[in-house]
Amino acid sequence: MNTSQTIDIEVASSDIDGLGHVNNGRYIAWCEQVAWLHSEKLGLGVADYQRLDRAMAVYRSEYDYKLPAFDGEQLQATTWLSLAKGSRMQRNFRIQRRNDSALLLEAVWYLACIELGTGRPKRFPPEFVEVYVPAVVDM
């Protein structure tokens, strides 16, 4: 099982803010993009969440910005799960520059399983256990 997901990113001029480097919000959007691709690759997409009336919702996030990125740079964003148990999950991220592997961002999302209809916390349904628990890695 491939337990991580990586995407390639080319920094566009629209990603650059008034300070001349990638806006922090773009890093967050790239994390969300690679997270959904990873979840779908593992076998759970938005349609599955809706069918099951369950979702993983971020209740806390941490972003450590190490170095800036600039227009035209080639980056890679990687995500993996480091915890999936009961009703909690932890998703980690790393964004690096491709040409020298410089670490630009490390991040972690703390997620809770919720019932979509009520927003209340719920334990993982069997499908989440089958998909997410075996994908946990220690990187």
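The values are calculated or read from the model by the stated rules, or taken from the named source; none is laboratory data. None of the values given here were measured: they were computed from a predicted structure. Cβ atoms come from the backbone with ideal geometry, glycine included; neighbour counts cover every protein chain shown. Keep in mind that these areas ignore ligands, DNA and RNA; they rest on the heavy atoms of the full protein, side chains included. Shrake-Rupley method; radii C 1.70, N 1.55, O 1.52, S 1.80 Å.
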> Using the beta-carbon distance between Leu67 and Arg88 and R0 = 25 Å, what value does 1/(1 + (r/R0)^6) give for FRET efficiency, to the nearest 0.05?
Replying inline: 0.25
>> For the full complex of protein chains and a 1.4 angstrom probe, list Trp109, Trp30, Trp36 by accessible area with the highest value first.
In response: Trp36, Trp109, Trp30
> Could you give the angle, 0 to 90 degrees to the nearest 10, between helix 24-42's Cα long axis and the longest principal axis of the Cα atoms of the chain?
Replying inline: 40
>> With every protein chain left in place and a probe of 1.4 Å, what is the accessible surface of Thr78, to the nearest 10 Å²?
In response: 20
>> Which lysines, if any, have their Cα less than 21 Å from the Cα of Lys41, not counting same-chain residues under 8 positions apart?
In response: Lys85
